[in-house]
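Taking it in order: structure first as structure tokens, then the write-up.
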Amino acid sequence: MSSGDPATARAEEGAMPVKVLIDANVLYRTRLRELVLAAGAAGLFQPLWTRMILAECAAGLIRNAALSKSARGGFLQMFEPFDHCSLVAGYHHLEGTFGLPDRNDEHVLAAAVHAEAKAVVTFNLRDFPAKRLRAHRMEVWTPDVLFRSILARDPAAFGAAVEAVRTAIEP
């Protein structure tokens, strides 16, 4: 198992970008979501998610009035260009087998294991205990861990991804 550093993980896995499953709580924040998509599009890592994760994120945005019900379709469309490489399916048989503290997170780990991801990227570290993940050669990272490692490995490419997000929001 690696040091938990995505840059090291990428080197260990060769030239292929490291695969990480992105939890709904990371995609909930607009700028963070945009940076995940920009860095993923740049090939700095391979983001993974499920339809359930995207639906959970959209429901949270609607519940907190950050997204209207009529805009839900547009929100989900922003992920469609990644469907061929990021959308995980066929993981449901693994749900309920991990003994996570929050059973509602079982689908997240099930998808990550099924997709052979290196890590789950989430803010809910306590819901993904290292002891439960270790048996599946899985790690849990915050977005900071992921992005700092990418920055250390390829500052120019990460800077370009950040710049793409910045210029997209400037009037």
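In segment 100-128, the qualifying residues are those that are under 23 Å from residue 35 (Cα atoms) and out of contact with any strand residue (DSSP E or B) (no Cβ under 7 Å at 6 or more places or on another chain), and the one that is most open to solvent (accessible area, probe 1.4 Å) is 123. Remark: pairs (first residue in segment 62-80, without any contact (Cβ under 8 Å) to a residue 12 or more places away in the chain; second residue surrounded by 11 or more Cβ atoms within 10 Å (Cβ to Cβ); Cβ separation under 6 Å; 6+ apart in sequence or on different chains) = 67/61; 67/75; 69/62. Scanning segment 36-50 for residues being part of a helix (DSSP H, G or I) and surrounded by fewer than 14 Cβ atoms within 10 Å (Cβ to Cβ) gives a total of 1.
Here segment 129-151 is the region considered, the condition is being of a type in the set (Gly, Ala, Ser) and out of contact with any Asp or Glu (no Cβ under 6 Å at 6 or more places or on another chain), and the residue that is surrounded by the most Cβ atoms within 10 Å (Cβ to Cβ) is 130. Residues that are assigned to a helix (DSSP H, G or I), open to solvent by 40 Å² or more (accessible area, probe 1.4 Å) and under 27 Å from residue 138 (Cβ atoms) within segment 65-85 comprise 76, 80, 81, 83, 84, 85, listed in sequence order. For segment 19-35, filtering for residues that are outside any strand (DSSP E or B), crowded, with 24+ Cβ neighbours inside 10 Å and touching a residue at least 60 places away in the same chain (Cβ under 8 Å) leaves 2.
The values are calculated or read from the model by the stated rules, or taken from the named source; none is laboratory data. Since we're looking at a predicted model, the values are computed, not measured. Virtual Cβ from ideal backbone geometry, glycine too; neighbours counted across all protein chains shown. Remember, those area values only see protein heavy atoms, side chains included, never the ligands or the DNA or RNA. Shrake-Rupley method; radii C 1.70, N 1.55, O 1.52, S 1.80 Å.
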